[in-house]
Amino acid sequence: MKLFKVGAAAAVSVVLALTATACGGSSDKASDSGASGGAKKDKIVIGIKFDQPGLGLKNPDGKFTGFDVDVATYVAKELGYQPNQIEFKQAVSAERENLIANGDVKLVVATYTINDKRKAKVDFAGPYFVAHQDLLVRADDSSITKAEDLNKKKLCSVTGSTSAQNIKTKLAPDADLQQLPGYSECLTGLENKSLDALTTDNSILAGFAAQEKNKGKFKLVGLNLSDEPYGIGLKKGDKDLQTKVNAALKKMVADGSWQKAVDTNFGPANYKAEPAPQITEGS
């Protein structure tokens, strides 16, 4: 009889243990999925550029810096994620829509200009910044003050760039257009005077000019040859996320964090950024 009681008690203990484990397993699963109701969020994957100083740059030590990184980190915090819960994934220009559509990233913050062609595939929050096509020249060069001054001069941009073609076709048809694989090659040519100017978004130019190794060597001409409103890309139809990201961007401007990020990342290049733009997406 005594043996029976012991066995029964053991059986009850096993059942209780199994029940507790089952409950615990369910709770853990909700936590991992980031479910609502107080469950702990795991991580958020955000697409950024890895090769744009001042905007999105993966440094040799593995850390990420730049204005887009600062914006992404702030937005993630407002969504409930700490910096150590952010996974940055490289988002090259041609793959941004695919990364969002396939669910590889939750957001893309990567000098992502809002336009109708892209809005057919993804939704945007923002804009959070407005850039313009501009020219970068040597700091001591006063011969280029407008796009037309590029006639008979050597203009550089990366292979396949629409920025350089815009100038060549519309503004300076006699410019000697040189297309190189990357911006660093253009900067080298600009420094050694084999090239006269580099063109792309002014934010990108400012980022390169602000690098420690380039400080004092280059300057922006200060032209507004196009409007490039940068937005945060997200999955089409996710209005709840769009609303939350827009709210985070508004808060970033209101508490001064936006301006601080602009000054930190672009200030050394004598870059005059426009004030934070009004949110237009999702409204």
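Maximal additional length on extending the residue 215-residue 257 stretch stands at 12.7 nm, based on 0.36 nm per residue less the C-alpha distance. Summed over the residues of segment 205-283 and divided among them, the accessible surface reaches 53 Å² per residue at a probe radius of 1.4 Å.
Loop-located trypsin sites (Lys or Arg not before Pro) in segment 158-199 (DSSP state not H, G, I, E or B) with no more than 12 neighbouring Cβ atoms inside 10 Å: 193. Of the accessible area of segment 140-283, computed with a 1.4 Å probe over protein heavy atoms only, carbon and sulfur atoms account for 49 percent.
A 1.4 Å probe run over the protein chains yields, for segment 44-99, 43 Å² of accessible area per residue, whole-number rounding.
Solvent-accessible area of segment 42-99 (1.4 angstrom probe, protein heavy atoms only): carbon and sulfur portion equals 46 percent.
In a reduced charge model with +1 at each Lys and Arg Cβ and -1 at each Asp and Glu Cβ, segment 64-172 shows a dipole moment near 440 debye about its Cα centre. Per-residue SASA remark: residue 191, around 90 Å² accessible (1.4 Å probe; ligands, DNA and RNA not included). Among the trypsin sites (Lys or Arg not before Pro) in segment 226-283, those placed in a DSSP loop whose Cβ has at most 11 other Cβ atoms within 10 Å are 272.
The values are calculated or read from the model by the stated rules, or taken from the named source; none is laboratory data. In this text, all values refer to a predicted model and were calculated from it rather than measured experimentally. Neighbour counts are summed over all protein chains in view; Cβ atoms, including those assigned to glycine, are modelled from backbone coordinates with ideal geometry. Side chains are part of the model used for accessible areas, which takes the heavy atoms of the whole protein and leaves out ligands, DNA and RNA. Shrake-Rupley method; radii C 1.70, N 1.55, O 1.52, S 1.80 Å.
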